[in-house]
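Colleague: One structure is given below, represented as structure tokens, and several questions about it will come after.
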Amino acid sequence: MSFSMDNGYNLWLNYSKIDDASLLETYRNQLQTVFVTDGGATMDVIKRELDRGLGGLLQQEVRFEPNPTFQNQLIVSRYAELGEDLRTLVDPADLTSEGYFIRTIENKKHRMVLITAQTDIGLLYGTFHFLRILQMHQALDGLQVMESPKVDIRMLNHWDNLDRTVERGYAGFSIWNWHTLPDYIDQRYIDYARANASIGINGTALTNVNANGLVLTPHYLEKVKALADVFRPYGLKVYLTARFSAPIEIGGLKTADPLDADVIQWWKDKTKEIYDLIPDFGGFLVKANSEGQPGPQNYGRTHLDGANLLADALKPHEGVVIWRAFVYSEHDDTDRAKQAYSEFVPDDGKYRDNVLIQVKNGPIDFQPREPFHPMFGAMPKTPLMMEFQITKEYLGFATHLVYLPKLFEEVLRSDTYQKGKGSTVAKVVDGSLNHKKVTGMAGVANIGTDANWTGHPFGQADWYGFGRLAWDPYLDSGTIAEEWLRCTFTNNENFVGPVKKMMLESREAVVNYMNPLGLHHMFDTGHHYGPGPWVDNLSRPEWNPVYYHKADDEGIGFDRTKTGSDALSQYAPELGEKFGNLETCPEEYLLWFHHLPWDYQLKNGRTLWDGLGIKYQQGVDQVGDMIKTWEDMKPFVDEYRHNQVSMLLGIQLKEAKWWRDACMLYFQTYSKMDFPKEMEKPENTLEHYKSLQFPFAPGIRPTWN
Ligand code: GCV
């Protein structure tokens with residue numbers, strides 16, 4: 001018996017043969033030939049993609065015509081080159097520089113599908129969209145698509161180190177082989193660019209925000225240039241992380257003070273050097289004065305001084321500074337959740353117009369569930385860029401199946417109330433709430449050298465979904481899941497329906513078995529693998545899980561109301577009231593905002609203690625259901641990927657139980673109450689869970705001794 005295998009390398013671009021015979025016949029009829037307008041490198045990419053895509057889907061040789069025949073033809077043409085009669089069918093005002101228009105035209109003269117755009121990149125995006133339509137077996141009759149991205153900068157942030165380790169990366173090593181660059185161009189670089197272009201991602205920050213200044217030296221810039229040259233035809237711009245102390249480390253200066261004349265000149269010269277090599281360089285991404293990274297505060301200056309220093313250097317070249325708001329300080333004993341807001345919001349309006357402030361989705365750190373970050377909507381004069389984490393630092397690494405677009409969607413749809421009801425985070429991010437000139441969304445990449453790029457086969461859906469939401473933050477996570485499933489696996493409804501349901505429920509499952517009812521940051525030290533709610537011995541208070549759950553004999557939870565840290569006051573008054581009042585605070589945020597007694601009564605009449613146990617158990621049961629669903633999917637998936645996912649789900653179930661047992665046993669030392677009857681008995685003792693050590697858990701640089 002043969003073993004069927006798809007290693008997942010082709011992602012959602014697998015272009016397998018249309019298995020519906022009559023649809024295949026119809027497509028073959030409608031797409032007998034292809035005409036692609038002449039042009040440069042991007043047009044060549046389009047031709048290659050159509051050759052590959054149509055060739056695979058229709059299983060026939062793709063016939064490219066040198067001229068348009070307008071009969072049963074696919075035409076890919078710039079708007080400016082269309083004949084008058086076709087131009088009247090498209091309103092160019094609707095087409096932004098990256099937008100496109102796809103339309104089936106059937107009239108006396110034409111019987112064709114037209115893809116048109118103002119730019120070659122628009123045509124490339126349109127081509128990928130068209131191929132997706134075929135992959136999803138949708139009819140071409142009456143087709144009319146008009147798309148423009150709603151967000152300008154749609155980028156991946158790689159936390160890749162120059163030694164090829166990846167901070168919080170769980171899918172192998174960095175795909176950037178700095179050693180063999182610039183001369184060796186790995187096919188992966190090209191396929192990476194293709195994959196990103198297919199979902200509209202147009203920027204990539206190659207290096208870790210915990211930055212190494214070396215990447216700014218001529219030796220490395222040559223390598224960066226080689227990557228930028230590969231990416232350019234795909235519309236993908238390169239960004240670099242700028243280490244604030246680089247003027248000292250690689251420039252030989254005595255200071256990196258942002259107001260020092262030599263430092264100012266050094267950044268200007270360095271920036272020019274980069275643009276001489278890479279004329280379309282995107283700009284710098286900066287983590288400063290955060291978790292040990294150097295920054296302007298080392299010199300008594302502010303984030304504003306630092307960001308504006310780099311902005312001035314980039315301005316002549318039309319580059320941007322993306323300055324991260326992920327800051328919290330060991331010298332500040334206010335609630336960590338409040339610190340970024342206090343640092344940045346007072347300077348709203350003072351940043352140069354090429355500065356974007358990049359804000360994580362929640363005020364702590366990419367937890368399974370957080371309320372949205374209060375900075376969204378609170379800086380009407382400054383572009384705020386969203387930072388999501390696609391890699392699953394706090395959601396089970398690349399081992400757990402957790403469909404992240406569901407989390408992203410929840411954040412984007414949250415209402416900030418900053419300009420009245422309906423002021424959603426999506427409207428802040430796409431700039432429509434305050435008419436922002438430049439907008440952006442970043443996702444911390446989950447990509448590595450694993451054959452399938454993301455480790456877990458379903459991790460691909462998170463990369464895919466991030467790109468789709470960066471293009472259009474109003475998309476529905478269910479629609480995205482369906483697209484991904486159809487393009488990656490099969491259009492068979494008996495597969496798509498149940499697996500989509502499983503994906504959509506997976507996010508709530510992880511919240512339940514890791515951090516239910518608003519609990520957060522209970523991960524074991526450093527590597528963040530598994531539970532460590534008992535950890536209380538780290539040098540900085542806010543690095544210890546006990547800081548976040550505050551369990552004691554009385555109860556559990558972080559009081560962020562007026563009687564506690566008052567972090568709630570950073571939200572609009574409507575939310576302050578809603579979250580501050582126990583009657584109206586949604587239970588999913590209960591312990592984020594309140595410290596409550598163990599016997600506090602939940603809406604369903606059960607005690608908080610019972611509620612916690614029930615949620616943990618529910619999470620475990622949900623993973624059990626996922627296993628059953630996946631078992632039934634055997635007939636629709638190649639054996640290789642089916643096995644992979646089955647084994648990973650098995651680990652997920654084990655780890656879900658580990659979370660339940662470790663957390664409930666630990667909290668029981670305070671609550672002193674019996675476990676609710678719905679909860680299964682823990683499999684081990686608390687001492688056992690506390691004794692577990694993982695010195696080589698992935699995602700942080702190993703230390704050898
Ligand atoms: C890149 C968290 C992670 C760090 C990460 C940091 C950040 O603290 O654990 O690995 O550093 O966030 O976003 O800067």
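Colleague: Which distance in Å, rounded to a whole number, links the C-alpha centroids of the range 406-475 and the range 29-106?
Modeller: Their Cα centres are 30 Å away from one another.
Colleague: Out of residues 5 or more away from residue 423 or on other chains, whose amide H comes under 5 Å of its own, with H placed 1.01 Å from N in the peptide plane?
Modeller: Result for residue 423 returns 416, 417, 418.
Colleague: What are the ³J(HN,Hα) couplings of the range 542-553, residue after residue, when phi is run through the Karplus curve with 6.51, -1.76, 1.60 and θ = phi - 60°? Round to Hz, x for glycine and proline.
Modeller: 7, 8, 9, x, 4, 5, 8, 9, 6, 5, 8, 4
Colleague: Oh, and also: Would you please name the trypsin sites (Lys or Arg not before Pro) within the range 572-661 that are DSSP coil residues with at most 12 other C-beta atoms within 10 Å of their C-beta?
Modeller: Sparse-neighbourhood loop trypsin sites (Lys or Arg not before Pro): 603.
Colleague: Under 5 Å between amide hydrogens, which residues at least 5 positions from residue 34 or on another chain qualify, with H placed 1.01 Å from N in the peptide plane?
Modeller: For residue 34, whose amide H was placed from the backbone, the distant partners under 5 Å are 63, 64, 65, 74.
Colleague: Further, regarding this structure: Given the range 153-489, what percent of its DSSP beta bridges are antiparallel, to the nearest 5?
Modeller: Percent antiparallel among DSSP bridges in the range 153-489 is about 5.
Colleague: Within a Cβ distance under 9 Å of residue 313, other residues only, what is the Lys/Arg minus Asp/Glu net charge?
Modeller: Around residue 313, the surrounding residues sum to +2.
Colleague: Another question, then. Helix 459-471 sits at what angle to the longest principal axis of the chain, using alpha carbons and giving 0 to 90 degrees rounded to 10?
Modeller: 70 degrees
Colleague: Next question, about the same structure. Farthest toward the dipole's positive end in the range 153-489, which of 329, 477, 434, given Cβ charges of +1 (Lys, Arg) and -1 (Asp, Glu) about the Cα centre?
Modeller: 434
Colleague: Quick one: which residues, 5+ away or cross-chain, put their amide H under 5 Å from the amide H of residue 154? H built at 1.01 Å from N.
Modeller: Those qualifying (amide H under 5 Å, at least 5 residues apart or on another chain) are 202, 203, 441.
Colleague: Here are some pairs, 436/603; 392/550; 550/628; 550/615; 237/381; 268/381; which of them have Cα atoms lying more than 30 Å apart in this structure?
Modeller: Those over the limit are 436/603; 550/628.
Colleague: Under 4 °C and 1.567 mPa s, how fast does the range 21-147 diffuse according to Stokes-Einstein, given a Kirkwood radius computed over C-alpha pairs? Answer in µm²/s, whole number. Mind dumping the intermediate values first?
Modeller: Numbers: Rh = 14.4 Å.
It diffuses with D of about 90 µm²/s by this estimate.
Colleague: Points 7 angstrom from Cα along the Cβ direction at residue 583 and residue 17: gap in nanometres?
Modeller: Taking the simple label geometry, residue 583 and residue 17 are separated by 6.6 nm.
Colleague: Right, next: Using 0.36 nm times the number of residues separating residue 180 and residue 106, minus their current alpha carbon distance, what extension gain do you get? Can you show the working numbers first?
Modeller: Values: separation 74, 0.36 × 74 = 26.64 nm, distance 5.16 nm.
Difference between extended and current length: 21.5 nm.
Colleague: So what's the net charge close to residue 235: Lys and Arg +1, Asp and Glu -1, counting the other residues with Cβ under 9 Å from its Cβ?
Modeller: So the environment of residue 235 carries a net charge of 0.
Colleague: Further, regarding this structure: Would you mind finding the longest exposed-site-free stretch of the chain, with exposed chymotrypsin sites (Phe, Trp or Tyr not before Pro) meaning DSSP loop and at most 11 other Cβ atoms within 10 Å?
Modeller: Here the longest segment lacking exposed loop sites spans 185-695.
Colleague: Give me the percent of Cα-Cα pairs in the range 44-114 that sit more than 15 Å apart, rounded to a whole number. Can you show the working numbers first?
Modeller: Values: 1496 of 2485 pairs.
The share of Cα pairs beyond 15 Å in the range 44-114 comes to 60 percent.
Colleague: A further question on this structure: Could you name the aspartates and glutamates whose alpha carbon sits less than 13 Å from that of residue 681, not counting residues in the same chain fewer than 8 places away?
Modeller: Within the straight-line cut-off, residue 681 pairs with 661.
Colleague: If you don't mind, another one. Cross-link list 47/315; 350/437; 427/501; 225/437: which exceed 24 angstrom alpha carbon to alpha carbon?
Modeller: The answer is 47/315; 427/501; 225/437.
Colleague: By what distance, in whole Å, do the Cα atoms of the chain stretch along each of the three principal axes, largest value first?
Modeller: 80, 68, 56
Colleague: A follow-up question, please. Provide the FRET efficiency to the nearest 0.05 for the residue 536-residue 569 pair, computing r from the beta carbons and using R0 = 25 Å. Mind showing how you got there, number by number?
Modeller: Values: r = 28 Å, r/R0 = 1.12.
E(calc), rounded to 0.05, equals 0.35.
Colleague: Please list 3J(HN,Hα) in residue order for the range 506-513, calculated via the Karplus relation 6.51 cos²θ - 1.76 cosθ + 1.60 where θ = phi - 60°; whole Hz, with x for glycine and proline.
Modeller: 5, 5, 5, 4, 5, 4, 4, 8
Colleague: Could I ask something else about it? With just the Cα atoms of the range 153-489, tell me how far they stretch along each of the three principal axes, in Å, largest first.
Modeller: So the extents along the principal axes, rounded to whole Å, are 56, 53, 34.
Colleague: Taking the simple approach of a point 7 Å from Cα along Cα-to-Cβ for both residue 687 and residue 413, what is their distance in nm?
Modeller: Label at residue 687, label at residue 413, 4.8 nm between them.
Colleague: Follow-up. Considering only DSSP states other than H, G, I, E and B, which GluC sites (Glu not before Pro) in the range 329-388 qualify as loop sites with at most 16 other Cβ atoms within 10 Å?
Modeller: 330
Colleague: Using DSSP to call loops (not H, G, I, E or B), can you name the GluC sites (Glu not before Pro) in the range 1-110 whose Cβ has at most 13 other Cβ atoms within 10 angstrom?
Modeller: 61
Colleague: Calculate, for residue 138 and residue 697, the FRET efficiency according to 1/(1 + (r/R0)^6) with r their C-beta to C-beta distance and R0 45 Å; round to the nearest 0.05. Show your work: numbers first, answer last.
Modeller: Details: r = 43 Å, r/R0 = 0.97.
With R0 = 45 Å, the Cβ-Cβ based efficiency is 0.55.
Colleague: Order of 62, 623 from fewest to most other C-beta atoms within 10 Å?
Modeller: 62, 623
Colleague: Apply 1/(1 + (r/R0)^6) to the Cβ-Cβ distance of residue 674 and residue 2, taking R0 = 51 Å, and write down the FRET efficiency to the nearest 0.05. Each step should come with its number before you reach the end.
Modeller: Details: r = 54 Å, r/R0 = 1.06.
For R0 = 51 Å, the calculated efficiency reads 0.40.
Colleague: Give me the extension gain from residue 638 to residue 96: residue separation times 0.36 nm, minus the current Cα-Cα distance, reported in nm with one decimal.
Modeller: 191.1 nm
Colleague: Each label point is 7 Å from the Cα along the Cα-to-Cβ direction; what then is the distance between the points at residue 187 and residue 38, in nm?
Modeller: Simple spin-label model gives 3.1 nm for this pair.
Colleague: What is the dipole size for the range 97-174, taken about its Cα centre, with +1 at each Lys and Arg Cβ and -1 at each Asp and Glu Cβ, in debye to the nearest 20? Before the final figure, lay out each step's value.
Modeller: Working: 9 positive and 9 negative charges, 81 e Å.
Result for the range 97-174 is approximately 400 debye, rounded to the nearest 20.
Colleague: Starting at the first residue of the range 520-533, write each ³J(HN,Hα) from the Karplus equation 6.51 cos²θ - 1.76 cosθ + 1.60 with θ = phi - 60°, in whole Hz, x for Gly and Pro.
Modeller: Values per residue, Gly and Pro as x: 7, 6, 9, 8, 5, 3, x, 7, 6, 8, x, x, x, x Hz.
Colleague: Mind sorting 34, 355 by how few other Cβ atoms lie within 10 Å of their own Cβ, fewest first?
Modeller: 34, 355
Colleague: Can you list the aspartates and glutamates whose alpha carbon sits under 15 Å from that of residue 500, skipping same-chain ones fewer than 8 residues off?
Modeller: 462, 476, 482, 483, 508, 625, 631, 632
Colleague: Local charge sum around residue 439 (other residues, Cβ-Cβ under 12 Å, Lys/Arg +1, Asp/Glu -1)?
Modeller: Every neighbour counted, the sum reads +3.
Colleague: Hey, another quick one. For a footprinting-style exposure proxy, rank 331, 110 by other Cβ within 10 Å, fewest first.
Modeller: Starting with the residue having the fewest Cβ neighbours, the order is 331, 110.
Colleague: Return, for the Cα atoms of the range 260-387, the radius of gyration and Dmax in Å, separated by a comma.
Modeller: In order Rg, Dmax, the Cα atoms of the range 260-387 give 15.1, 45 Å.
Colleague: Figure the gain on full extension for residue 353 and residue 647 (residue separation times 0.36 nm, minus the Cα-Cα span) and round it to one decimal in nm. Write out the running numbers ahead of the final one.
Modeller: Values: separation 294, 0.36 × 294 = 105.84 nm, distance 4.96 nm.
Fully extending the segment from residue 353 to residue 647 adds 100.9 nm.
Colleague: Helix 41-58 against the longest principal axis of the chain: what's the angle in degrees, Cα atoms only, rounded to the nearest 10?
Modeller: 90 degrees
Colleague: Once the dipole of the range 58-185 is set up with Lys and Arg at +1 and Asp and Glu at -1 on Cβ about the Cα centre, which of 171, 161, 145 lies farthest towards its positive end?
Modeller: It is 145.
Colleague: Ignoring everything except DSSP H segments at least 4 long, calculate the 222 nm mean residue ellipticity for the chain; use -39,500 (n - 2.57) per segment, divide by total residues, nearest 500.
Modeller: Values: 21 runs with 258 residues, N = 705.
Theoretical 222 nm ellipticity from helices: -11500 deg cm²/dmol.
All of the numbers you see were taken from the coordinates with simple rules; none came from a lab. Keep in mind the model is a prediction, meaning the values are calculated, not measured. Cβ coordinates were reconstructed from backbone atoms using ideal geometry, including for glycine residues, and neighbour counts include every protein chain displayed.
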